[in-house]
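I have placed the structure first, in the form of structure tokens, so that the comments after it can refer back to it.
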Amino acid sequence: MNCIILKNQKLAEGFFYLSIKPKALIGGIKAGQFVMVRVGTSSVPLLRRPMGIADFKVDGSEFGLLIQITGIGTRLLSNLVPGDNLDVLGPFGNGFPPDLKGEKIWAVAGGTGVAPFMGIAANNIFGNKFKLLLGARSADFLLQTSFFSDRGIPVDVSTEDSTKGFGGLVTELVDKNIKSNGKPDVMFTCGPISMMKALASVADEHNIPLYASLENRMACGFGVCLGCVLKKQNEDRFFTVCRKGPVFLSSEVEILNT
């Protein structure tokens with residue numbers, strides 16, 4: 001689909017946020033889905049890049065992408081200005097379940113992993129049941145915290161260098177919150193795989209269902225290239241992250257339990 005860039009906002013060194021308007025309504029966006037973005041007008045880079053949808057309007061009239069510059073493709077995207085065109089396919093995948101029971105739902109994120117929870121906040125999907133726990137290496141890289149607090153969503157932060165909030169890892173902050181406030185009914189997570197693996201152990205210890213958004217590399221986005229295959233936990237079965245996910249119960253995937 002053809003889209004127009006509405007805004008390109010620098011969030012921190014190496015991080016930016018694109019606000020995007022499709023030229024035709026796409027509809028049916030769900031928190032946790034992703035799109036495949038063509039990042040240039042030439043054959044370099046050749047393949048589209050998977051990008052998790054952040055903030056969005058349910059009717060598909062607008063959505064955002066939170067992006068870290070990691071290579072030539074993301075650097076090209078960082079140079080876009082309002083009015084530029086962007087070629088996007090999607091939305092693809094299965095997102096976070098919107099109809100969960102329980103009174104306490106925690107989202108645990110690291111870095112750009114905060115992105116899929118922006119849509120939950122923007123559309124008030126869980127109301128006052130929802131809380132964000134966000135970790136980063138320093139205060140400068142705590143991304144989009146005001147987006148949540150401006151919408152009345154509690155935000156608890158951790159920094160590895162102790163420049164803001166709890167000094168330590170976000171998984172340690174989760175432990176601290178469980179000890180002081182009791183465990184949540186459900187947790188969501190997105191971020192570095194090492195963080196999500198550690199959180200899966202915490203969830204298992206406390207018998208908390210954990211839904212994890214995986215950020216595997218992929219070339220197509222709809223299960224043809226088989227570039228994002230993962231092994232199912234305790235079974236000799238494999239699945240593609242793009243078709244079955246990107247959101248999974250942590251107990252379902254081997255990568256979060258090894």
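Each value in this text was obtained by applying a stated rule to the coordinates, not by laboratory testing. All values derive from a computational prediction rather than experimental measurement. So basically every Cβ, Gly included, is an ideal-geometry build from the backbone, and we count neighbours across all protein chains shown.
Using θ = phi - 60° in the Karplus curve 6.51 cos²θ - 1.76 cosθ + 1.60, the 3J(HN,Hα) couplings for region 123-139 round to 9, 6, 5, 10, x, 7, 7, 9, 9, 10, 10, 10, x, 7, 6, 8, 4 Hz; x is entered for Gly and Pro.
So, by mean Cβ neighbours within 10 angstrom, what's the order for 118-124, 13-19, 108-114 with the highest one leading?
On the way: 118-124: 21.3, 13-19: 17.7, 108-114: 26.3.
My ranking of the peptides, most packed first, is 108-114, 118-124, 13-19.
If you filter region 190-258 for GluC sites (Glu not before Pro), then keep DSSP loop positions with at most 11 other Cβ within 10 Å, what is left? Taking region 190-258 and a limit of 11 other Cβ atoms within 10 Å, the loop GluC sites (Glu not before Pro) found are Glu235.
Given contacts defined as C-alpha pairs under 8 Å and at least six residues apart, what's the relative contact order of the chain, whole-number percent? Once divided by the residue count of the chain, the mean separation gives 17 percent. Computed 3J(HN,Hα) for region 72-87, one whole-Hz value per residue from the Karplus formula 6.51 cos²θ - 1.76 cosθ + 1.60 where θ = phi - 60°, is 5, x, 5, 5, 4, 4, 5, 8, 5, 10, x, x, 5, 8, 9, 9, glycine and proline marked x.
Each Lys or Arg adds one and each Asp or Glu takes one away; over the other residues whose Cβ falls under 13 Å from the Cβ of Leu47, this sums to +3.
Between Gln233 and Val253, Glu254, the built amide H atoms are under 5 Å apart, and every one of these is 5 or more places off in sequence or on another chain. Think of each Lys and Arg Cβ as +1 and each Asp and Glu Cβ as -1; about the Cα centre, that makes the dipole of region 105-213 roughly 200 debye.
Find the relative contact order for region 105-213 and round it to a whole percent, using C-alpha pairs within less than 8 Å whose residues are 6+ positions apart.
On the way: 195 pairs, mean separation 31.0, N = 109.
Value for region 105-213: 28 percent.
Counting only Cβ charges, +1 for Lys and Arg and -1 for Asp and Glu, the dipole size of region 1-111 around its Cα centre is about 120 debye. Considering only beta bridges that DSSP places wholly inside region 119-258, some 40 percent are antiparallel.
Please work out how much length the chain gains when fully extended from Glu235 to Arg75, using 0.36 nm per residue of separation minus the C-alpha to C-alpha distance, in nm with one decimal.
Taking 0.36 nm per residue and subtracting the Cα distance, the gain is 53.7 nm.
Considering only DSSP states other than H, G, I, E and B, which trypsin sites (Lys or Arg not before Pro) in region 1-40 qualify as loop sites with at most 16 other Cβ atoms within 10 Å? Write out the running numbers ahead of the final one.
On the way: sites: Lys7, Lys10, Lys23, Lys30, Arg38; in loops: Lys23, Lys30.
Qualifying residues, ordered by number: Lys23.
Excluding Ala115 itself, what net charge comes from residues whose Cβ is under 12 Å from its Cβ, given Lys and Arg +1 and Asp and Glu -1?
-2
Given Cβ point charges of +1 (Lys, Arg) and -1 (Asp, Glu) and nothing else, what value in debye, to the nearest 20, does the dipole of the chain about its Cα centre take? Write down the numbers at each step before the final one.
On the way: 27 positive and 23 negative charges, 102 e Å.
For the chain, the charge dipole is close to 480 debye.
Between Asn128 and Gln9, the simple spin-label model (points 7 angstrom out along Cα→Cβ) gives 2.7 nm. Where does helix 170-181 land angle-wise versus the long Cα axis of the chain, in degrees 0 to 90, nearest 10? That helix lies at roughly 40 degrees to the long axis. Think of it this way: in the chain, Cys3, Cys190, Cys228, Cys242 stand alone, with no other Cys Cβ under 4.7 Å. For the chain, the percent of C-alpha pairs falling in each 10 Å distance bin, counted from 0 to the bin holding the largest distance, reads 7, 31, 38, 20, 4, 0.
If packing is taken as the average number of other Cβ atoms within 10 Å across a peptide's residues, how do 236-243, 47-54 rank, most packed first?
Values: 236-243: 16.6, 47-54: 23.2.
In decreasing order of mean packing, 236-243, 47-54 become 47-54, 236-243.
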